[in-house]
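Trainee: Below is a structure I'd like to ask you about.
Nothing in this text is a laboratory measurement; each read-out follows from the coordinates by a stated rule. All of these numbers come straight from a predicted model, not from anything done at the bench. Cβ coordinates were reconstructed from backbone atoms using ideal geometry, including for glycine residues, and neighbour counts include every protein chain displayed.
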Amino acid sequence: MTPLTLATALDPEKVSGALHAHAAQRALAAAEKRLWVVPKDSEAQLQYALLLYYNRLWNDAWVELSIWMELAAAADQPHSAQQGKLLEQAKLLLEKVRLQLVLTS
């Protein structure tokens, strides 16, 4: 099973076929419910954005990934090296989503 991370989302070989349709729908529903329960949880936001990306829901992935980036940037604590790397990967993924939006419109 492919882990849902920014690094795997940027690897084209791992994106295709990462989730089966039924499992993807169930995962999306669970992730959305988790966002309702803990709305300011950045990890929940990121997982939901990645699930939307893996399901090729480009518009929704764009919005949710942008929200995650805003939450991460607005965090009160200074960014660690790991957080900086995640933000850079998120910027790359956001650009990939933007290109998908252009190609599909």
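Trainee: Stretch S66-E95 to full length: gain in nm at 0.36 nm per residue minus the Cα-Cα span?
Mentor: 9.4 nm
Trainee: Let me ask something additional. Net charge near S66: determine it from the other residues with C-beta under 13 Å of the C-beta of S66, scoring Lys and Arg +1 and Asp and Glu -1.
Mentor: Local charge sum for S66: -2.
Trainee: Could you tell me which residue out of A75, A24, L52 lies farthest along the dipole of the range 17-105 toward its positive end? Charges go on the beta carbon: Lys and Arg +1, Asp and Glu -1, centred on the Cα centre.
Mentor: Looking along the dipole axis, the top candidate is A24.
Trainee: Turning to a different aspect of this structure: So how long is each side of the chain along the principal axes, counting just the alpha-carbon atoms, biggest first, in Å?
Mentor: 38, 30, 28
Trainee: Let me ask something else about it. Using the Karplus equation 6.51 cos²θ - 1.76 cosθ + 1.60 (θ = phi - 60°), what ³J(HN,Hα) coupling, rounded to whole Hz, does each residue of the range 89-98 give in order, writing x for Gly and Pro?
Mentor: The phi angles translate into 5, 5, 4, 5, 5, 4, 5, 4, 5, 4 Hz.
Trainee: I've got another one for you. With a sphere of radius 14 Å drawn around the Cβ of L28, what net charge do the other residues whose Cβ falls strictly inside it have (Lys, Arg +1; Asp, Glu -1)?
Mentor: +1
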